Each structure stands twice: as C-alpha cells, then as structure tokens.
Amino acid sequence: CTEKYLNPHSVSPFGDCKKCEQAHSFHGNNTGKVFTESNEFGAFWRSKMKRNQKIRGAILVVVMLVSVVLSMAQAHDYNDGLLAARAGDYNTAVMKWQPLALQGDAMAQFNLALMYHRGLGVGIDETTAVSWYKMSAENGYIKAQEFLAAAYKEGWFGLPNDQEKATYWLQRMAEQSL
C-alpha cells in the first residue's frame, strides 16, 4: 500500500485496508500509521472467526439433535396418550397430553379440549374445553378451528352465537387448506 497514513475507520475487522485491500497491522496508538511488515492483527481475527464458526456449527448440531430427541419423546408421549384413550384409560391420556398441550402441541390441546368437553379423565368443564379449543385453533389445528366455527355459528359450548367469529375461523381453515 502506498498510503503512509490510513484513517483507522477504513480498516475492516480483519485489518484489511479498504483502499488497497491488503492486510496491514496497526498499533493501538491511534496514529493510523500503516505497518505493512506484519499481518498479525488480520490473522488473529481470521483465526478467531474460524474458531467461532466451528463453535457455532457445533452448537447448531447439538441443538438440532436435542430437538429431534425431544420431538421423538413428545411423539411417543402423544401416541401413549392416544393408546390410553382408545383403551379407555382417560386419566393416563390426560396425564400424557397435558404437558404437551402446555408446550403448545395443537393436537394435544385439541384432545384435552375433547376430554374436558366430555368429562373423560377430568370433570366436565366447558370453559376449560373452549380455552383448549381456542389454543389449538390458534396453533393452526384445523379440527379445532372447525369446532370453534361451528360453536360460534350455533352458540355451542356456552359461546355466544357470533357469525363474525364463526366466519373468522372458517377463513382460517380455508387459508390453511391451500
């Protein structure tokens, strides 16, 4: 670089001169003087960035593996709840689905709504049932959206007859069906 002095703000984090695109090393004396005899600053940052990329890559792999394992565990719990409900063991079904529903699993939320609606494994509680139906519908579960559309249209589950809300849930169903 033919520049004897360089504005320190025109240097990339790797120590590359933005005018000549060569790597320079700068002393911390804020003189802005270019030292072409060494590339320690740029080499340091390049090695640090490579190490950080490797660490981020490793973290991403670990997060993905944990997600897969948790998804498999959740699927196992959901299926255990389904088998229990089919066998008439509603208490076990509720016990399996409750944690999943609290974590946002739309199918578990819908199934809990059905359990509260019919009093299976829990006491009949239409208010709780409706709240689970709403959570499931908001999480995109079409059956819950269909139930809410019908409930608002007909005034079921203690809900008011509300054509506007019925139309809203019918539209959400149609959007998801595309």
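Some values worked out for this structure:
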read-out	value
Subset of region 115-141 [aliphatic (A, V, I, L, M) and within 15 Å of Asp105 (Cβ to Cβ)]	Met115, Met135, Ala137
Residue check, Lys54 within 30 Å of Ala166 (Cβ to Cβ), of a type in the set (D, E, K, R) and either open to solvent by 70 Å² or more (accessible area, probe 1.4 Å) or at pLDDT 95 or above (or both)	no
Filter pass, Trp169 being farther than 21 Å from Leu102 by Cβ and not in a helix (DSSP H, G or I)	no
Cβ pairs under 6 Å, 6+ apart, first in region 117-146 and acidic (Asp, Glu), second modelled with pLDDT of 95 or more and open to solvent by less than 70 Å² (accessible area, probe 1.4 Å)	Asp125/Tyr116
Residues within region 86-124 that are over 20 Å from Glu146 (Cβ atoms) and within 29 Å of the chain's Cα centre (by Cα), tallied	10
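The values are calculated or read from the model by the stated rules, or taken from the named source; none is laboratory data. As the structure is a prediction and not an experimental result, all values here were calculated from the model. All Cβ positions, even for glycine, are placed from backbone atoms using ideal geometry, and neighbour counts span all protein chains on display. Protein only, heavy atoms only, side chains kept; ligands, DNA and RNA dropped before computing areas. Shrake-Rupley method; radii C 1.70, N 1.55, O 1.52, S 1.80 Å.
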